[in-house]
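S.K.: Let me begin by handing over the structure; questions about it come next.
What follows draws every value from the coordinates through simple rules; no lab data is involved. Note that the coordinates shown come from a computational prediction; the quantities given were computed from them, not determined experimentally. As a convention, Cβ positions derive from the backbone with ideal geometry for all residues, glycine included, and neighbour counts pool all protein chains shown.
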Amino acid sequence: MGRLAELSAAVERLARVMDPEYVPVWMREPVAGLGDDRPLDVLARGDYRRLSSVESGLSERLAGRVGSRPIHKVLDRPSRNN
């Protein structure tokens, strides 16, 4: 899969679990699940699987916690289980 296709697939998956307008912000910010790497940097290095794994974890973790709050607000909150 080419890098552009990987980016497109990542954005599509993220838009299902967070406000689509927040996706570009999330892609440029350090993410703890990526060792504080930025998702765009991870994709640029060709580590699509690593990013995909974090996205899957977000989907699973957030499925029961979102309620009426915007997803990016949930992402900013520390988990009580950590």
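S.K.: Would you mind giving the average projected area, over all directions, of the Cα convex hull of the range 1-64 in nm² with one decimal?
M.R.: Working: hull surface 15.7 nm².
Its average projected convex-hull area is 3.9 nm².
S.K.: If you add up the charges near Leu14, with Lys and Arg at +1 and Asp and Glu at -1, over every other residue whose beta carbon is less than 12 angstrom from its beta carbon, what do you get? Could you put the intermediate results ahead of the total?
M.R.: Values: positive: Arg13, Arg16; negative: Glu12, Asp19, Glu21, Glu55.
Net local charge, Leu14 excluded: -2.
S.K.: Could you give the length gained on full extension between Glu29 and Glu12, defined as 0.36 nm per residue of separation minus the Cα-Cα distance, in nm? If you can, show how the numbers build up before the last one.
M.R.: Values: separation 17, 0.36 × 17 = 6.12 nm, distance 1.77 nm.
Between Glu29 and Glu12, full extension yields an extra 4.3 nm.
S.K.: Still on this structure, I have one more. By how many nm would the segment from Ser53 to Ala5 lengthen if fully extended, with 0.36 nm per residue of separation less the alpha-carbon distance? Kindly include the intermediate steps, with their values, before the conclusion.
M.R.: Details: separation 48, 0.36 × 48 = 17.28 nm, distance 1.66 nm.
15.6 nm is the gain from fully extending Ser53 to Ala5.
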